[in-house]
């Protein structure tokens, strides 16, 4: 089963990640692919290590069971390899090694507790697990409840944890396997699996064809927006750049934003650089790494990354003269923070991107010193559109009044793993065309731009009016004393629900709730204003920076 594809896609060869990286490794074996701490790994070394992992997994019995053509959109015919890892070369090797064996890797949130891990491993039907030693105790606590989890590969780390019974050391596994390319034939039909974070519900495994996600979000397009037509063309691009560009990837690789940024930059010839710290954002480490490696770009996730980095830039001077692009995706980046970045790096361009696990990249907002700053409005990518609330038609871009759903057509996922019902609901057919509609509210703005208001699942219905949490959050964050904020609804006798802002102030600030609401009045209608403000020392977010709305609702109700 294939997703809908554009006429341009039909003219191109079907891409798979194994062939892509093997072509890069053959053309540029001595070019640095990856830098982290004291590790500097070339494409040739990354190719060899990922092939060894592929052969080890195949040798342990993991395999392709059924071709894509014989499956429904919510089904998988490949064995799955779960990656329970902090950032590091093992993460990229785990993804590439799985693909080179025609297996499907999947991401595991390293903050999950035992119950969440048990749900994920069972839902994903993971047969192999690659995990850092620090997580060995958690794995041991649920191992007996996961009979399908047959292969354990433990990555040594600072914890010094002993190998679990039956587990093999990662480096020993690689050393024991052949460095030759496995005798399998990867396909554009092979799966890329991305599990959603679960901050507003249980995690779901989004199934993509490799070709489709590569074109939609992971490097299938060149810098000028045109599409690659062959792996040889990609390899020539990487060879021509020759490692002259370096990009720092800030978010955890367990999230799609970091995976997409990494592979996008890899195919453009850039060397992927990671901060030294892996379990949290350390802004000094982040900026020091940008300075040390002379990175031309870095990626982050919204204000949760931006605010600490900006505060650190005020405390200490860093040489970021070589920085030309600041990229953000996965969460909103406020106009105030964009403006402040441009004060520190006036020659840079800020690219604020929007998309989701279910859509790929859907749009972008470029800000610069000369071009001005805005937030929430995006130039749509190919296939991005707004569909009507009843999912029966596509709204015309000239209609700026009608509120609908942010949607994507063309290259979209096959479905949610093992969930036919949610697959049908999220990927409806409208007018004979299949769309992805994951739940963000949107409408068209001036000039064909799309104004994205936020996820409908966290919409607050107050007095019959729909209020979007992200819109109120942006208004509250406009106050200079606000470090971070999320918004949730709580029950109200008068309004049904009322808006509550949960706010973390900047260090030393003493602003009160009235002052925050006065600032918000400048940006949103009165009915959207918070009825209460709850102050907390810190806002709970996922490691990628996404808001935890379940936690926010608990804080709103508890106040």
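Bear in mind that the values in this text are calculations on the coordinates, not laboratory data. Because the structure is a prediction, the values reported are computed rather than measured. Using ideal geometry, Cβ is built from the backbone for each residue, glycine included, and neighbour counts are taken over all protein chains shown.
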Helix 89-100 vs. the chain, principal-axis angle (Cα, 0 to 90°, nearest 10): 60
Convex hull volume per residue in cubic angstrom - Cα atoms of segment 414-480: 171
Interatomic Cα distance distribution for segment 39-84, bins of 5 angstrom, percent: 5, 17, 17, 18, 18, 14, 7, 4, 1
Using distinct alpha-carbon pairs, which all enter the 1/r mean, Kirkwood radius of segment 163-220 in Å: 14.9
Two-decimal log10 I(q)/I(0) for segment 67-192, as the Debye equation yields it once each C-alpha is a single scatterer, q = 0.16, 0.19 Å⁻¹: -0.80, -1.11
Share antiparallel - DSSP beta bridges, the chain, percent rounded to 5: 60
From the C-alpha gyration tensor of segment 463-559, square roots of 5λ in Å: 19, 16, 12
Coordinate range along principal axes, alpha carbons of the chain, Å, largest first: 66, 56, 50
Rounded tilt (10° steps) of 17-27 against the dominant C-alpha axis of the chain: 70
Per-residue Cβ neighbour rank within 10 angstrom, fewest leading, 311, 514: 514, 311
Value of Rg to Rh for segment 173-267 (Rh from inverse mean 1/r over Cα pairs, i.e. Kirkwood): 1.01
Kirkwood Rh in Å, taken over all unlike Cα pairs in segment 380-535: 17.3
Fraction of antiparallel bridges per DSSP, segment 1-143 only, in percent to nearest 5: 35
Helix-only [θ]222 nm of the chain, DSSP H runs n ≥ 4, -39500 (n - 2.57) each, per residue, nearest 500: -9000 deg cm²/dmol
Net lengthening on full extension, residue 176/residue 525 (0.36 nm per residue, minus Cα-Cα): 119.2 nm
Relative contact order (%) - segment 463-559, alpha-carbon pairs under 8 angstrom, separation at least six: 31
Helix axis angle, 549-558 relative to the chain longest principal axis, alpha carbon, degrees: 40
Projected-area mean, segment 311-388, by convex hull of Cα positions, square nanometres: 6.3
